[in-house]
Amino acid sequence: MRYFVNTPRWLSAAVYPEYIWNLPSDNKIYFTFDDGPHPAITSWVLDQLKAFDAKGSFFCVGNRLRDFPEIKERIRAEGHFMGSHTFNHVDGWKTGTAAYLQEINEAAALAGNYIFRPPYGHIRRRQARALKKAQPQSRIIMWQVLTGDFDVTLTPQQCLAQSIKYLKPGAIVVLHDSEKAWPRLQFVLPELLRYARVKHWKLDALPF
C-alpha cells in the first residue's frame with residue numbers, strides 16, 4: 001500500500017498545515033467524493049445520501065461538470081457542497097504552475113468557487129502559493145481518511161474495514177464516484193452510512 005489510509009499528524013499539522021485535513025467537530029463526519037460527476041454512479045451516491053438524510057461534498061472534474069450539467073444541478077439542488085478537482089484531472093507534480101492554475105480556474109468557473117482538492121493530493125507549494133495569491137478566497141481541501149475505494153487490490157470488505165478503523169468526528173473522508181472505484185464504493189458507502197447512523201454522527205457538507 002503506497003498511501004496513508006489515515007493521514008498522520010506529522011504530515012497534516014507539521015508539514016502542510018496550510019491545507020485543510022479535518023474540521024473540529026464532536027459529532028460530524030464529512031464524506032467527500034472525487035472524480036465525478038458520473039451520470040449513473042453520482043446519481044446512485046445522491047440516492048444513498050438522501051436515504052440517510054446525509055449531505056456530502058463533491059470535488060468535480062471540470063470537463064465532467066461541462067458534460068453532465070444535469071448531475072451538477074442535482075448536486076446543488078439537494079444541498080450538497082461542490083468544489084473543483086481541476087478541469088482535466090491533472091497531476092500537479094507533473095504540471096507547470098501556470099498550466100495548473102489554468103486547470104483550476106476553468107474548473108472553478110463551473111463549480112462556482114475556489115474550494116479545491118488536487119487530484120492524487122499532488123500540489124507543489126509554489127502552485128499553492130500562486131493560487132492563494134491569485135485567489136485569496138481559495139482553500140485546499142485534503143483529507144484525514146482515504147478509504148482506498150480506488151485501490152483495485154482491495155476487496156470491498158477490506159476497504160470498509162480500513163475506513164471504519166480510523167473514522168471519527170471531524171474527519172474528512174475521501175470516496176470516489178468513478179467507474180474505477182465502483183466495485184468497492186457500492187459496498188462501502190451504504191455500510192459507512194449505516195455505521196455513522198449507529199454512532200449518531202451527522203453526515204454534513206463542508207461548511208465553505
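Details
- Within the stretch 44-54, the set of residues being surrounded by fewer than 19 Cβ atoms within 10 Å (Cβ to Cβ), in contact with an Asp or Glu (Cβ under 9 Å, 6 or more places away or on another chain) and touching a residue at least 40 places away in the same chain (Cβ under 8 Å) comprises just one member, Trp44.
- Among residues of the stretch 1-23 that are closer than 21 Å to Arg126 by Cα, those with a beta-carbon under 8 Å from a residue that is in a helix (DSSP H, G or I) and modelled with pLDDT of 80 or more at least six positions away or on a different chain give the pairs Glu18/Ala128; Tyr19/Ala128.
- Given (1) surrounded by fewer than 14 Cβ atoms within 10 Å (Cβ to Cβ); (2) touching a residue at least 40 places away in the same chain (Cβ under 8 Å); (3) more than 24 Å from Ser178 (Cα to Cα), number of the condition Gly79 does not satisfy: (3)
- From the list Ile29, Ile41, the lone residue that is surrounded by fewer than 22 Cβ atoms within 10 Å (Cβ to Cβ), among the hydrophobic types (A, V, I, L, M, F, W, C) and at pLDDT 95 or above is Ile41.
- Residue under evaluation Phe87, criteria (1) touching a Phe, Trp or Tyr at 6+ places or on another chain (Cβ under 8 Å); (2) in a loop (DSSP other than H, G, I, E, B), criterion not met: (1)
- Of the candidates Lys50, Lys28, Lys55, Lys72, the single residue that is under 27 Å from His122 (Cβ atoms) and among the basic types (Lys, Arg) is Lys72.
- Count of residues meeting criterion [small (Gly, Ala, Ser) and in contact with a helix residue (DSSP H, G or I) (Cβ under 8 Å, 6 or more places away or on another chain)] in the stretch 147-180: 3
- Any hit, the stretch 136-146, residues being more than 19 Å from Leu23 (Cβ to Cβ), modelled with pLDDT of 95 or more and touching a strand residue (DSSP E or B) at 6+ places or on another chain (Cβ under 8 Å): no
- Condition met for Tyr100 (of a type in the set (Ser, Thr, Tyr), under 18 Å from the mean Cα position of the chain (by Cα) and outside any strand (DSSP E or B)): no
- Within the stretch 124-148, residues that are touching a residue at least 12 places away in the same chain (Cβ under 8 Å) and closer than 24 Å to Val5 by Cβ have Cβ atoms under 9 Å from residues that are among the acidic types (Asp, Glu) and surrounded by fewer than 12 Cβ atoms within 10 Å (Cβ to Cβ) in these pairs: Ala128/Glu18; Ile140/Glu18, counting only partners at least 6 apart in sequence or on another chain.
- Residue check, Lys72 loosely packed, with under 15 Cβ neighbours inside 10 Å, assigned to a helix (DSSP H, G or I) and either modelled with pLDDT of 95 or more or within 16 Å of the chain's Cα centre (by Cα) (or both): no
The values are calculated or read from the model by the stated rules, or taken from the named source; none is laboratory data. The structure presented is a predicted model; accordingly, all values stated were derived computationally and were not measured. Virtual Cβ from ideal backbone geometry, glycine too; neighbours counted across all protein chains shown.
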